[in-house]
Amino acid sequence: MARIAGVNIPTKKRVVIALTYIHGVGLSRSKKTLAEAGIDESTRVQDLADGQVNKIREFLEKNYRLEGDLRRDKLSNIKRLREINAYRGLRHAKHLPVRGQRTKTNSRTVRGNVRRTTGSGRRALTKT
């Protein structure tokens, strides 16, 4: 089982897809890494030699911030925005969309899929 940046890469998948399991590596970065290492994208992870895995690992760790470092950077950036009371920091603190999206109808995932609907205002009649 290949292990890159502290992540176990799935062995049955193609290398180009398996690399996207690492936080900070998407499809385009995965393709670029494989081209740099000289590895075919359609190769399965289980068919990689140890030398090829080491090439991929060295290239990724040398050129990009991955996993824990990347998560820490993102959190520190958000924390800085909150501390200086920037508008974006306030939106992060309130768990609302940060980049100017509308909130009247959308943004369900950010707000936690909370649907607050109001009724007609009338109370239901109770039988006595």
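Under a straight-distance cross-link criterion of Cα-Cα below 17 Å, which lysines are reachable from K32, leaving out those fewer than 8 residues away in the same chain?
Within the straight-line limit of under 17 Å, K32 reaches these lysines: K55, K62.
If R0 is 41 Å, what FRET efficiency do you get for S42 and R88 from their C-beta distance, rounded to 0.05?
0.50
Go ahead and estimate [θ] at 222 nm for the chain from helices alone: -39,500 (n - 2.57) per DSSP H run with n ≥ 4, summed, over the residue count, rounded to 500.
-13000 deg cm²/dmol
If a paramagnetic tag sat 7 Å from the Cα of R3 along the Cα-Cβ line, which residues of the stretch 33-55 would have the backbone N under 20 Å from that point?
In the stretch 33-55, the label zone of R3 (backbone N under 20 Å from the point 7 Å along Cα→Cβ) covers 45-55.
With the cut-off at 1.5 for a/c, could you classify the stretch 3-64 from its C-alpha gyration tensor as rounded, prolate or oblate?
It comes out rounded by the Cα gyration axes.
Please name which of A5, T43, G100 has its Cα lying farthest along the dipole of the chain towards the positive end, using unit charges on Cβ (Lys, Arg +1; Asp, Glu -1) and the Cα centre as origin.
It is G100.
What's the FRET efficiency of S107 with D50 using the Cβ-Cβ distance as r and R₀ = 35 Å, to the nearest 0.05?
0.15
Tell me which label goes with the value of mean projected area of the Cα convex hull in nm² computed from the coordinates here: [x] 10.2; [y] 14.5; [z] 6.9.
[y]
Report, in degrees rounded to the nearest 10, the 0 to 90 angle that the Cα long axis of helix 67-83 makes with the longest principal axis of the chain.
So the inclination is approximately 40 degrees.
Do any of K104/K127; K31/K74; K31/K104; K31/K94; K74/K94; K13/K94 go past 29 Å between their Cα atoms, and which?
Beyond 29 Å between Cα atoms: K104/K127; K31/K104; K31/K94; K13/K94.
By counting other Cβ atoms within 10 Å of each Cβ, how are I56, I39 ranked from fewest to most?
Arranged by neighbour count, lowest to highest, I56, I39 become I39, I56.
Which length gain, in nm to one decimal place, applies between T118 and K12 when the Cα-Cα distance is subtracted from 0.36 nm times their residue separation?
That pair, T118 and K12, stretches by 33.1 nm at full extension.
Which trypsin sites (Lys or Arg not before Pro) in the stretch 30-68 sit in a loop by DSSP (not H, G, I, E or B) and have at most 16 other Cβ atoms within 10 Å of their own Cβ?
Counting only loop positions with at most 16 other Cβ atoms within 10 Å, the trypsin sites (Lys or Arg not before Pro) in the stretch 30-68 are R65.
Given Cβ point charges of +1 (Lys, Arg) and -1 (Asp, Glu) and nothing else, what value in debye, to the nearest 20, does the dipole of the chain about its Cα centre take?
Rounded to the nearest 20 debye, it is 1540 debye.
Which loop-located GluC sites (Glu not before Pro) does the stretch 33-62 contain, where loop means any DSSP state but H, G, I, E or B and the Cβ has at most 15 other Cβ atoms within 10 Å?
The qualifying sites are E41.
Just so you know, all these numbers are worked out from the coordinates, no wet-lab data involved. In this text, all values refer to a predicted model and were calculated from it rather than measured experimentally. Cβ: placed from backbone, ideal geometry, glycine included. Neighbour counts: every protein chain shown.
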